[in-house]
Amino acid sequence: LRTELVLARPSVEPLARLSPKPDPLQPFAAATGRLRSGEDASVCVDLLPASGFRAACLRRRLRREARRIHGERRDWAALLNGDQRRRTRPDPQEQVERRGAVQAVDAKLRGSGELFEAQILLRGEAPTRGRAEAAMSGLLAAFRPLAERNYLKASGVPIPGVAFLGSDVPLRRGSFDRRFATGLFRPARKTILTARELAGFLKPPTVYCGERNVLRSGALLSPPPDLPAFEKRRDDLIPLGKVSTESGDQIVGVRTADTFFTYIAGRSRYGKTEAAIAQFAHIVRAGHGGLFLDPHGDGLERIEPYLAEVAERVVRIDLGPGACVEQPGWNLFELGGSAAESEARVEAVVDAFASALEWGERSTRAINLTSQAAAALAAIAGRLDSELAPTIFQIPTLLSDSEWREAVIPFLPRADQRFWTDRFTLLAPEAITPVTNMVDRLRRVERVRALLGQSKSTYRVREAMDEGKIVLACPGTGGTRDRLIANLLLFDLLHAARGRADLPPAERKPFWVFLDEVQSYDGAASGNLAALLEQSAKFGLRAVLLNQNPERLSAATLNALTTNRSHLLASTLNSHAASLIAKEWGKRVRPEALTELQRFRFIAQVTHKGSLSAPFALGGVRVEDVLKEPAEQSDPKGQPGMAADGRSVAEVSRHLETLDDRIQVELERQRGDGEAEGQSAGGPEPSPHAQGEEVDGDG
């Protein structure tokens, strides 16, 4: 159906002046909100501004209309009779009407802003005529609040009881459709409106337009004009998202030189992980190293087919459901002989336990036991062959087996020896339970045992960083046990990054870390993640952190992210989280805009050429938009570089079954050799403390 609206009375009679509360666009939003699938309702208001000579002509026209309609009435009978006597006093009601008419004309001609000639076209489409008429009725009703001394009506000729010859008659449809499609300005009747009468149409919907089908301001924010367009061959750019241009949607990017920390928040299944996958795949294919830590594992399945060309650099650690049992070897206590590396490994283990188990200031005994046990295993690892290096599964043995512990103590520094000989014996037997129970839970899982039970590592995070390896890690989402694996991976990485202080800054290759569900690694009590994030950028780490709700992060971690962030992206959030993010943007975006974003829509603030941009809207990007479709692969997990070192799970299990005894035998042998050398030299038999000092000095 088609309808053209024109003024019912002369243009000098004004329309109603509408208040901004409620928004004049509210009834239009309500009318379109009632449409069903397959229906459409459109309002096209074409305005031709008048200026110069044309404006002067229109104002003279309005004044003539005013004189013709509201000019002084003469008593023609008196004039014909020659009676020039004064007219009788007018009726009070007539005076009120005249005063109102004068005020209305004054409002139209003075202080009303620019003049416009208007063409107002309405069109309703639906599968049935009845639904089209309902849509058109809603649009016509939306114009009724404008009725005052003048109003808008449908252009046409009514035939009472038969039909209405308006814009929808066959002879007028072609002209209407051509004007509607092209903007051709040829109204059926001259309609002159002022800027004040049109104020409700010359703005977007405001906060007082409460309909849910209104596109809010958050989705209309324009991007920086010089944000570079992303090209697949440009290694110095990271794909960010899609923005609307005159030629259609275009993918824009941010420079790697401007990117240190990125935080992406938003509801699940709204595109944040998909955008991270596209960014990670592009970055590592460009030659950078990186780690993608995904508790769910779905992201790894999306990434892996795109890494066939760089498969020799890929290391996959997959502990999720249905994953392959074979895993690379990763021994947390395999050392290269450096004291700093030993300290970093110990701190990584302690931080991971504290974060995963939420140990705080009141958990000093558990933290101390973990620290002492890790330090002891790191100390003896330096004295053993690589095939006998202790693993994390020797922690329960050290804490619960007194004979094994006695074999270890002589090889520890004196202060550590005193802890085990003097203070540890005073603890209650159940004091070790929080530590041993968690390690025992790890050992019961076959895939975890295959990963952490090998004395000789095939995955070393420092080598991955320095050699540009690609690490795909899925710790699983089963609970505390899987959260501990995730924290071990993360804190091992962060402490290894600090170890790059021995390299000149120019030689610290950037290593990109993508952490999905980052709250899993953020122990609110420990606060270690925040401290490490604040320090790791100078050592070459570039981090992208994702989660659904910023309120689930600890205050320290959230402060570290918002203070040091390069880019901040948010999709749909709840009202509390939206207010939090809006504050970070200086309230330049209303929180309501973040609560009503559509799927795969984001509001972002980025660092561009060293400066923070204003928040702007963009659409999500997929890995298919950034990289070409990969060839189909029958078994992506079996690609070169993605398997373990060839040791079967059975071999790892047999290795672990005898590792405790072999370590004890080797330590006792070394101690016996040391004592024999001391006796052959004619000296007295060394005490355990003296032996500890000798070992410490050699180290």
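The values are calculated or read from the model by the stated rules, or taken from the named source; none is laboratory data. Worth saying up front: this structure is predicted, and the values here are computed from it rather than measured. In this analysis, Cβ positions are derived from the backbone assuming ideal geometry, glycine residues included, and neighbour counts consider all displayed protein chains. What goes into the accessible areas is simple: the full protein's heavy atoms, side chains included, and nothing from ligands, DNA or RNA. Shrake-Rupley method; radii C 1.70, N 1.55, O 1.52, S 1.80 Å.
Amide H contacts of residue 165 (H built 1.01 Å from N, in plane; Pro and chain starts excluded): 157, 159 sit under 5 Å, all sequence-distant by 5 or more or on other chains. Across the protein chains, with a 1.4 Å probe defining accessible surface, the residues 57, 324 rank 324, 57 from largest area downward. Phi angles across the stretch 171-184 convert, under the Karplus curve 6.51 cos²θ - 1.76 cosθ + 1.60 with θ = phi - 60°, into 3J(HN,Hα) values of 5, 9, 5, x, 5, 4, 5, 5, 5, 5, 7, 9, x, 4 Hz, Gly and Pro given as x. Computed over the stretch 227-345, the P(r) tail beyond 16 angstrom holds 71 percent of alpha carbon pairs. Annotation for the stretch 367-383 versus the stretch 1-46: alpha-carbon center distance of 76 Å. Ordered by solvent-accessible area of protein heavy atoms (1.4 Å probe), largest first, the residues 364, 557 come out as 364, 557. Rolling a 1.4 angstrom probe over the protein heavy atoms with all chains in place gives the chain an accessible area of 48 Å² per residue. Taking volume of the Cα convex hull per residue in Å³ as the quantity of interest, determine which of (1) 178; (2) 231; (3) 161 was computed from the displayed structure. Correct label is (2).
Working note: Karplus 6.51/-1.76/1.60 with θ = phi - 60° gives the stretch 253-269 the couplings x, 10, 6, 5, 5, 9, 10, 10, 10, 10, 10, 10, 10, x, 4, 4, 6 Hz, where Gly and Pro are set to x. Note on residue 402 and residue 440: their simple-model spin labels are 1.9 nm apart, each label 7 Å out from Cα toward Cβ. The stretch 429-474 and the stretch 149-215 have Cα centres separated by 70 Å. Share of carbon and sulfur in the accessible area of the chain stands at 49%, probe radius 1.4 Å. Solvent-accessible surface of protein heavy atoms, probed at 1.4 angstrom with all chains present, puts 37, 244, 363 in the order 37, 244, 363, largest first. Each residue of the stretch 19-29 was assigned a 3J(HN,Hα) from its phi angle through the Karplus expression (A = 6.51, B = -1.76, C = 1.60, θ = phi - 60°), giving 7, x, 10, x, 4, x, 7, 4, x, 5, 5 Hz with x at Gly and Pro.
Simple spin-label estimate for residue 19 and residue 246 gives 4.2 nm between the two label positions (7 Å along the Cα-to-Cβ direction from each Cα).
Counting only protein heavy atoms and using a 1.4 Å probe, the accessible area of residue 583 comes to about 130 Å². Between the amide H of residue 542 and those of 511, 512, 513, distances stay under 5 Å, these residues lying 5 or more places away or on another chain, with hydrogens modeled in the peptide plane.
Using C-alpha pairs under 8 Å with a sequence gap of at least 6, the mean separation divided by the residue count of the chain gives a relative contact order of 19 percent. Cα-based values for the stretch 435-522, radius of gyration first and Dmax second, are 14.5, 44 Å. Scoring 9-18, 649-658 by mean Cβ neighbours within 10 Å over their residues and listing the highest first yields 9-18, 649-658. Of all aspartates and glutamates in the structure, the ones whose alpha carbon falls short of 20 Å from that of residue 587, not counting any fewer than 8 places away in one chain, are 551, 596.
When only alpha carbons are used to place a centre, the stretch 298-338 and the stretch 121-139 end up 59 Å from one another. For the stretch 228-338, the relative contact order works out to 17 percent when only alpha carbon pairs closer than 8 Å and six or more residues apart are counted.
Here the extension length gained between residue 387 and residue 190 equals 61.5 nm, from 0.36 nm per residue of separation less the Cα-Cα distance. Panel values: the stretch 139-260, Kirkwood radius from alpha carbon pairs, Stokes-Einstein at 20 °C and 1.002 mPa s, translational diffusion coefficient 107 µm²/s.
Taking amide H positions as modeled 1.01 Å from N, with prolines and chain starts lacking one, the residues under 5 Å from residue 317 and 5 or more places away or on another chain are 472, 473, 474.
Restricting the calculation to Cα atoms, the stretch 270-324 shows an Rg/Rh of 0.94 when the hydrodynamic-style radius is the Kirkwood one.
Its alpha carbons give the stretch 415-467 an Rg and a Dmax of 16.7, 47 Å. Taking the Cα atoms of the stretch 472-573, the ratio Rg/Rh between the radius of gyration and the Kirkwood radius comes to 0.96.
The calculated 222 nm mean residue ellipticity attributable to helices in the chain amounts to -12000 deg cm²/dmol, summing -39500 (n - 2.57) over DSSP H runs of n ≥ 4 and dividing by all residues. Residues in the stretch 185-203, backbone N under 19 Å from the label point at residue 61 (7 Å along the Cα-to-beta-carbon vector): list them, ranges by number please. Residues passing the 19 Å test: 185-198.
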